[in-house]
Amino acid sequence: MSFIQVNSLWQQYGEQVVLEQMNLSIAEGEFCTLVGASGCGKSTFLRLLLGQETPSRGKILLDGQPLPGEPDASRGVVFQRYSVFAHLTVLDNVALGLELPNAPWLGRLFGAAKQRAREQAASLLQRVGLGHALDKYPSQLSGGMQQRLAIAQALIMKPRVLLLDEPFGALDPGIRKDMHGLLLELWRETRLTVFMVTHDLSEGFNLGTRLLVFDKVRHDPHAPQAFGARITYDIALNSDRRAARAALAAVNPALMEACT
Ligand SMILES: Nc1ncnc2c1ncn2[C@@H]1O[C@H](COP(=O)(O)OP(=O)(O)OP(=O)(O)O)[C@@H](O)[C@H]1O
Ligand SMILES: [Mg+2]
């Protein structure tokens, strides 16, 4: 049984079909990168995986079970723009995730439990290179540091699936490279299953174990909303990444343009 199974998934908003007839089978620990033209439904797909939205048709199964009706700790998410709480320090941003689910009545922990949560948060922040910034506020951090914080905030809940929606899109190339290294290290350590949307094909080909290309296969010029995107290429990236990239460029040059 696969870890995540997507069966005949459709998502439609009013008359607009965004995703159609998607089928996918993902093993635990895979790192999937998702590419495709702007507006083709990549973020929509992540929201469906997160449980933030329910599909119009079809199913997503996690360990053979339908996804819970709303986001829970099994799935963590990092968006392109910083999603951290501006009024909380770096340490509190991460510790909060441990506090809320463990103290459902009060919303806060006290005493030893609080201390434990803060120690755990501090050690993860150390791991992502923010050990020196625990008492800073997000506005005092650089873009790369804010994304490190967002990743720590997602990982503190020990999710089994990490959803990344263009997490490094706003970062300078040099910092992106550091973030790639960090993400790969964390992935190897935790064996998380990762879905990462990117507009950067190099990122798509170099980071993952599997590249998923979203594209429309059907078009009706008189009804542009009638058809949605599917996964048109599903490419294993374990062997020769450069050859895989060249092969895709040969069959779909338009995608190369859309993604750079
Ligand atoms: N909640 C919603 N209600 C109505 N339409 C929506 C909703 N969410 C997304 N859409 C539409 O679905 C389509 C796909 O949007 P989505 O954000 O998933 O694309 P994307 O592939 O992530 O694009 P980008 O690369 O620009 O981020 C768009 O046409 C968008 O307007
Ligand atoms: Mg998007």
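Every number in this text was worked out from the coordinates using simple rules, so none of it is lab data. If you're wondering where the values come from, they're calculated on a predicted model, not measured in any experiment. All Cβ positions, glycine included, derive from the backbone under ideal geometry; neighbour counts span all protein chains shown.
Details
- Cα-based equivalent ellipsoid, the stretch 10-137: semi-axes from gyration tensor eigenvalues, Å: 34, 17, 15
- Cα-based helix-to-principal-axis angle, 241-251 vs the chain, degrees rounded to 10: 40 degrees
- Average Cα contact separation per residue, the chain, under 8 Å, 6 or more apart, as relative contact order %: 27 percent
- Dipole of the chain [Lys/Arg +1, Asp/Glu -1 at C-beta], most positive-end residue of Ala247, Asn206, Ala37: Asn206
- Calculated mean residue ellipticity at 222 nm for the chain: -11000 deg cm²/dmol, from DSSP H runs with n ≥ 4 weighted as -39500 (n - 2.57), summed, divided by the residue count and rounded to 500.
- The angle between the Cα long axis of helix 90-102 and the main principal axis of the chain comes to about 90°, on a 0 to 90 degree scale.
- Within the chain, the longest run free of chymotrypsin sites (Phe, Trp or Tyr not before Pro) that sit in a DSSP loop with at most 10 other Cβ atoms within 10 Å is 111-260.
- Ordered by the number of other Cβ atoms lying within 10 Å of each residue's own Cβ, fewest first, His222, His199 fall into the sequence His222, His199.
- Antiparallel content of DSSP bridges confined to the chain, in %, to 5: 50 percent
- Gain in span if fully extended, Ser25 to Glu70, counting 0.36 nm per residue against the direct Cα distance: 14.1 nm
- Debye-sum result for the chain in log10 I(q)/I(0), which assumes one identical scatterer on each alpha carbon, at q = 0.08 Å⁻¹: -0.34
- Compared with the dominant principal axis of the Cα atoms in the chain, helix 173-190 is inclined by about 80°.
- For the stretch 49-102 versus the stretch 115-162, the spacing of their alpha-carbon centroids is 16 Å.
- The magnitude of the dipole of the stretch 1-140, with charges of +1 and -1 set on the Cβ of Lys/Arg and Asp/Glu and taken from the Cα centre, is near 320 debye.
- Dipole magnitude (debye, nearest 20) for the chain, charges at Cβ of Lys, Arg, Asp, Glu: 380 debye
- Annotation: the residues Ile151, Ile4, Ile175, sorted from fewest to most other C-beta atoms within 10 Å of their own C-beta, follow the order Ile175, Ile4, Ile151.
- Neighbour-count ranking [beta-carbon atoms within 10 angstrom, fewest first] of Lys216, Lys177: Lys177, Lys216
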